[in-house]
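The values are calculated or read from the model by the stated rules, or taken from the named source; none is laboratory data. Predicted, not measured: the structure shown is a model, and the values here were computed from it. Here the Cβ positions follow ideal geometry from the backbone for every residue, glycine too, while neighbour counts run over all protein chains shown.
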Amino acid sequence: REKRRASHPVMATSGRLQISISATGLKNIAGYFNKSDPFAVVTVRGDNPDNNPSIAGQTEVVYNNLDPRWATLVTVEGYKFGVPFYVEVGVFDFQATKIGKSEKELAQKDVDEGRLITMSESTRNLLRTGKLPYKLM
C-alpha cells in the first residue's frame, strides 16, 4: 500500500524589504548655470500592479548632483518572498525657492532634516494627486 502525504499550500512569509537608491547620469533640468537637486520617492503597489500606489518613503535632497547616492534606506513592509511585489521609484528635482530657502542654507542640514523638507503632509498630498511642484527627472 502506497502512503501519500497531504499537500499543503506553501505560505509566503511576509517580511521587510530595505531599498538603497542611487542614480547615475540624471538629466540636468535646473538650467544652464545650475545643476539639479534630486531626491527620490518610493511608492509601492503591493502584489498587484493595479493597486493604488502608497508612498513608502523618500530620500533626502542631494544638491547639485547628477549622480546621487542617497543615504536614506527606504523600508517596505509586507514583502513576500517569491511573490511579485510592485515598487516604483520617482526622481524629482527639488527647487529650494519653492519653500523660500537657499540651497546653501538647506544643504547644511543633516540627512533627516533634509528629508523632512520633502516629506511634509502637503507635499505627500501633491505627490498622491500628481501635482508635485518639483520637476520630474
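The table below lists the values:
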item	result
Qualifying residue in the range 33-55 (condition: more than 18 Å from Phe94 (Cβ to Cβ), in contact with a Pro (Cβ under 8 Å, 6 or more places away or on another chain) and surrounded by 18 or more Cβ atoms within 10 Å (Cβ to Cβ))	yes
Enumeration of residues in the range 41-57 that are assigned to a strand (DSSP E or B) and either under 14 Å from Glu77 (Cβ atoms) or modelled with pLDDT of 90 or more (or both)	Val42, Thr43, Val44, Arg45, Gly46, Ser54, Ile55, Ala56, Gly57
Residue count for the range 57-79, restricted to those that are surrounded by fewer than 18 Cβ atoms within 10 Å (Cβ to Cβ) and polar (S, T, N, Q)	3
Odd one out for Gly25, checked against (1) closer than 24 Å to Phe85 by Cα; (2) out of contact with any Lys or Arg (no Cβ under 7 Å at 6 or more places or on another chain); (3) at pLDDT 85 or above; (4) not in a strand (DSSP E or B)	(1)
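Conditions (1) more than 21 Å from the chain's Cα centre (by Cα); (2) closer than 15 Å to Leu73 by Cβ; (3) modelled with pLDDT of 90 or more; (4) in a strand (DSSP E or B), marked per residue:
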residue: Arg4; (1), (2), (3), (4): yes, no, no, no
residue: Pro9; (1), (2), (3), (4): yes, no, no, no
residue: Ala12; (1), (2), (3), (4): yes, no, no, no
residue: Arg16; (1), (2), (3), (4): no, yes, no, yes
residue: Ile19; (1), (2), (3), (4): no, yes, yes, yes
residue: Ala30; (1), (2), (3), (4): no, no, no, no
residue: Ser36; (1), (2), (3), (4): no, no, no, no
residue: Phe39; (1), (2), (3), (4): no, yes, no, yes
